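Right, one structure below, let's go through it.
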Amino acid sequence: MSFLAVAAAILAGAAAGTGMLRRAWQSKAGKTPWRMGGLALLAFTVIWPAWPLGPVRGPFIAITLISLAAWAVVSSGYKRRPAKAQRAGRESLAPEPAERLTTKWRTTLRWLLAGPIGMVAAMAVGISYTVWAPGADQTRLLIGALIVPVVWGGAMAWTLADNRIVRATAVLTGTAVIGFGLSMLKGFA
């Protein structure tokens, strides 16, 4: 059996299995037969390519093509809807930064929270992980160092998106104090 024939059969099985699952999710009643049939067909579509393509290569290609077929099935139901009318400024769930009421001290505090205070809180989390996590010293140091930019980015995004700036101040300051406090309790031994 040629590779293209196997790939076409995988795509067909994946599309049919995904279509059955989609029908189960859209049905009000009688979901079980469609769900079981779709899952069984997808499982079979993952397993059977092991014989014509090999025990490692076959399932790997099948899983890759299943995700492609599932994407095609899901996107086939895409409908473009007109945009909803804009709400008034304060009624939206997450107003844009330009729509917020701003003062000089809020702007300065938001800048400090997104920058240095967020960095200090991120460092507290990274150092606390380095001190308390089990494992080799080098591994703990590396993972702790990799945690810092991720947490700092999260702190930036959160403080810039949150309208309650006092809450962000309290959480980031508390994170820094607790993180460094826990680190000092144990030390890097």
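The values are calculated or read from the model by the stated rules, or taken from the named source; none is laboratory data. No experiment lies behind these values; they were computed from the predicted model shown. In this analysis, Cβ positions are derived from the backbone assuming ideal geometry, glycine residues included, and neighbour counts consider all displayed protein chains. For accessibility, only protein heavy atoms count, side chains too; no ligands or nucleic acids. Shrake-Rupley method; radii C 1.70, N 1.55, O 1.52, S 1.80 Å.
To test your reading of the geometry: what angle, between 0 and 90 degrees and rounded to tens, separates the Cα axis of helix 137-161 from the longest principal axis of the chain? Helix 137-161 sits at roughly 80 degrees to that axis. Measuring nothing but protein heavy atoms, the accessible surface of the chain at 1.4 Å probe radius is 72 percent carbon and sulfur. With the whole protein complex present, Thr103 retains an accessible surface near 60 Å², based on a 1.4 Å probe.
Once the 1.4 Å probe is applied to the protein heavy atoms, region 110-167 comes out at 55 Å² accessible per residue. For Ile178 and Ala145, a Förster radius of 25 Å and the Cβ-Cβ distance give a FRET efficiency of 0.80, rounded to the nearest 0.05. Applying 1/(1 + (r/R0)^6) with r as the Cβ-Cβ distance of Thr169 and Leu101 and R0 = 30 angstrom yields a FRET efficiency of 0.95.
The distance from the alpha carbon centre of region 124-149 to that of region 12-31 is 45 Å, rounded to a whole number. Accessible surface calculations at 1.4 Å, restricted to protein heavy atoms, place region 1-68 at 62 Å² per residue. Computed over protein heavy atoms with a 1.4 angstrom probe, the accessible surface ordering of Trp48, Trp111, Trp105, largest first, is Trp111, Trp105, Trp48. Can you tell me the FRET efficiency between Thr108 and Trp25 if r is taken as the Cβ-Cβ distance and R0 is 45 Å, rounded to the nearest 0.05? Computed FRET efficiency for Thr108 and Trp25: 0.35. Take the Kirkwood radius over Cα pairs of the chain, plug it into Stokes-Einstein at 37 °C and 0.692 mPa s, and you get 151 µm²/s for translational diffusion. Based on C-alpha pairs under 8 angstrom that are at least 6 apart in sequence, the chain has a relative contact order of 18 percent.
Reported to the nearest whole Å, the Cα centre-to-centre distance from region 45-74 to region 153-173 is 44.
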